[in-house]
Structure formats: C-alpha cells, structure tokens
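Working notes for the structure below.
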C-alpha cells in the first residue's frame, strides 16, 4: 500500500544576522506498510514520527525540502496526488485537538469528513451516528462545539473523523493520550479491525506496550532515521536486532525498567557515523566512521553492523 524510501526532510531557516541555514531533521527514513497491516512507529520525541505523517500527507510547511520517494498503491505520491487523495484515500488522526474547527459543531465536522471521503449522503448520517456510539460519544454531543468538549471527548471526535470514511491508508498520530483505558482499548481494537478489513494503518505512538496489542510490525525511529523494523512477536521472543530497540524493550517497567544512558543527538549536531554510537554498548571505531546501511538480518531490516544473523 505504502512505501517510503530514503526519505529526507530539510528545513531552510534563518539564523543570527538573518543568515540562512539548513537543518536536516529526517534522513534515510524507510517504511513499508501493506494492506491489512498495522505498523506501529515508535521512538522518542524528535525522532521524526509526526514529520513522517506530514510528509506522506504533503502538509509540511513551505520551507521544508523533501527528498527520497513515497509510493502509494504503486504510484509516486507527488504533491498534486497528495492534494487529491488527502482526506479521501489517505486520512490522518492528528495529535492535537486544535485540528478541530472551533467554529463548526463536531457532528458536522465528522459528517463532512465522511462526505469528503466518498460516502453518499444517504449513508453518511447513519454512519456518523454509529461512529459516535462506538466511541462512547452521546448523540447530543454532535451539536456541541470543540470548546464545549473535554479533552478526552475531543480526541475521540478526532479519531471518529478519520475512521468514519473510506480511506485506505489511515495514519494515527498519538491517538490515545488522555483517554480512559476502556476508550484506549476500543480505539486500538478499531484500528485493528480496520486493518483486518484490508486497510493499511500507521500507528505513531510513544507507548510501545499499547502498540504491541494490535501491531503486526514495529518500526523504530531514532534521530530521523529508521533503525529497525521488527515483527511484533520479535519483542516477546527476544529476537530484536538493534541495540536501541533492545534498550527500549528493557526500559519498560515489566522488563526491568532500565534507562538508556545519554540523549538523542540534536539535528544540529549529528555524528558522522551511527546515530546511536555514543549510547551503544557495542560501539566500535567502525561505528563512528560511517553510517550503517539498512540490511536484512533474520528476515527483517536493521541498521547496525553488529546485528547478527
């Protein structure tokens, strides 16, 4: 359904004295998502997760330069095609509730989203009612404005807005923070159901444990680069390949709660070699001389020269 190949995102910015500078925040980012799959994208803040979503949708700011290739359903995803497909075949559950229109009742917003995605008017009203009921939103809520909703209700409306249509690729950018655990489970289960119906789902999250409930694969991002794409069962089976992915797994409370030393490098001070080198227990001189390339180890892509077959 979707193939992201060697994606790069560079922003042109102004520094002291109005001198221009370029800041590369994503490089060598790769991701594959098939129909019927939920692919979770995990990583710390600043690793490029939300920028990936915005690059796919073509909603990056004007000063962003995008390199690499994004292919959707076998065709290059050009800016013109992004405009045509956005909200119809590709939908976003955004991270912030500020994406809701403050001047439009939320029921009208969900209804409009369903119509823009291709649902006929005769079906849209009933589908909207069903999606409100599914996310525990009483039907009178349809007549409220966003400012009249609690944070959790507003986030559920955002999920409903994206899930109500006919999009074949759904990108969920941190869809569950602040929600009651029952609604979290329902939201994740709904994403899983949509995938089972043949849709492709990208679930962007900080919550690795939640992602494991529904994901087929987990893509691990670090400093704007994909380090590993592992099958969900590789986490529980202990078959993880990259030291950073292993460290993420060990940092969970049930797995030892062991913190990863150091911090992710800033886009303005990226090392010449492996981006994880200064935090890695396996680092060698070779790691610091050149960035490792993606290669297949035990059936999955990883970016580490120490990953063993």
Near pairs, Cβ below 7 angstrom, 6+ apart or cross-chain, from region 190-202 (on the phi > 0 side of the Ramachandran plot) to any residue that is assigned to a loop (DSSP other than H, G, I, E, B) and surrounded by fewer than 21 Cβ atoms within 10 Å (Cβ to Cβ) = 198/35; 198/36
Filtered residues of region 139-153 (kept if within 14 Å of residue 99 (Cβ to Cβ) and crowded, with 20+ Cβ neighbours inside 10 Å) = 146
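Select from region 47-67 the residues that are out of contact with any strand residue (DSSP E or B) (no Cβ under 8 Å at 6 or more places or on another chain) and either part of a loop (DSSP other than H, G, I, E, B) or exposed (fewer than 15 other Cβ atoms within 10 Å of the Cβ) (or both) and list them in ascending order.
Just the residues of region 47-67 that are out of contact with any strand residue (DSSP E or B) (no Cβ under 8 Å at 6 or more places or on another chain), to begin with: 54, 62.
If the condition is that a residue be out of contact with any strand residue (DSSP E or B) (no Cβ under 8 Å at 6 or more places or on another chain) and either part of a loop (DSSP other than H, G, I, E, B) or exposed (fewer than 15 other Cβ atoms within 10 Å of the Cβ) (or both), then 62 is the only one that fits.
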Count of residues meeting criterion [touching a residue at least 40 places away in the same chain (Cβ under 8 Å) and farther than 18 Å from residue 261 by Cα] in region 213-231 = 13
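Give me a count of the residues in region 143-170 that are assigned to a loop (DSSP other than H, G, I, E, B), farther than 23 Å from residue 33 by Cα and either in contact with a strand residue (DSSP E or B) (Cβ under 7 Å, 6 or more places away or on another chain) or modelled with pLDDT under 90 (or both).
Pass one, region 143-170, residues assigned to a loop (DSSP other than H, G, I, E, B): 144-145, 149-150, 164-168.
Subset that is farther than 23 Å from residue 33 by Cα: 144-145, 149-150.
Within this subset, residues satisfying the condition of being either in contact with a strand residue (DSSP E or B) (Cβ under 7 Å, 6 or more places away or on another chain) or modelled with pLDDT under 90 (or both) are 150.
Residues in region 143-170 being assigned to a loop (DSSP other than H, G, I, E, B), farther than 23 Å from residue 33 by Cα and either in contact with a strand residue (DSSP E or B) (Cβ under 7 Å, 6 or more places away or on another chain) or modelled with pLDDT under 90 (or both): 1 in total.
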query = How many residues does region 75-102 hold that are at positive phi and at pLDDT 95 or above?
reply = 0
note = Selection from region 267-294 of residues free of Cβ contacts under 8 Å to residues at least 12 places away in the same chain and either closer than 14 Å to residue 30 by Cβ or surrounded by 19 or more Cβ atoms within 10 Å (Cβ to Cβ) (or both) yields 277, 293
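Filter region 171-184 for residues that are surrounded by fewer than 17 Cβ atoms within 10 Å (Cβ to Cβ) and modelled with pLDDT of 85 or more and give the result.
none
Output the strands (runs of 3 or more DSSP E) that fall wholly within region 1-44 and possess 1 or more residues being touching a strand residue (DSSP E or B) at 6+ places or on another chain (Cβ under 9 Å), modelled with pLDDT under 95 and surrounded by fewer than 18 Cβ atoms within 10 Å (Cβ to Cβ), or say none.
On the way: elements: 2-14, 20-33, 38-42.
Here the list reads 2-14, 20-33.
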task = Output the number of residues of region 68-86 satisfying the condition of being surrounded by fewer than 16 Cβ atoms within 10 Å (Cβ to Cβ), touching a strand residue (DSSP E or B) at 6+ places or on another chain (Cβ under 7 Å) and under 19 Å from residue 10 (Cβ atoms).
result = 1
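Residue 299 - would you say it is at pLDDT below 95, on the phi > 0 side of the Ramachandran plot and under 24 Å from the mean Cα position of the chain (by Cα)? It would help to see each step written out before you state the result.
Numbers: at pLDDT below 95: yes; on the phi > 0 side of the Ramachandran plot: yes; under 24 Å from the mean Cα position of the chain (by Cα): yes.
Yes; evaluated as a whole, the condition is true for this residue.
Evaluate region 178-201: report whether one residue or more is assigned to a strand (DSSP E or B), closer than 19 Å to residue 34 by Cα and out of contact with any helix residue (DSSP H, G or I) (no Cβ under 6 Å at 6 or more places or on another chain).
Yes, region 178-201 contains a residue that is assigned to a strand (DSSP E or B), closer than 19 Å to residue 34 by Cα and out of contact with any helix residue (DSSP H, G or I) (no Cβ under 6 Å at 6 or more places or on another chain).
For region 78-110, give me the residue count where each residue is touching a residue at least 40 places away in the same chain (Cβ under 8 Å) and over 22 Å from residue 151 (Cβ atoms).
4
The values are calculated or read from the model by the stated rules, or taken from the named source; none is laboratory data. None of these values were measured; they are calculated from a predicted model. Cβ sites come from the backbone with ideal geometry, for glycine too, and all protein chains shown count toward neighbours.
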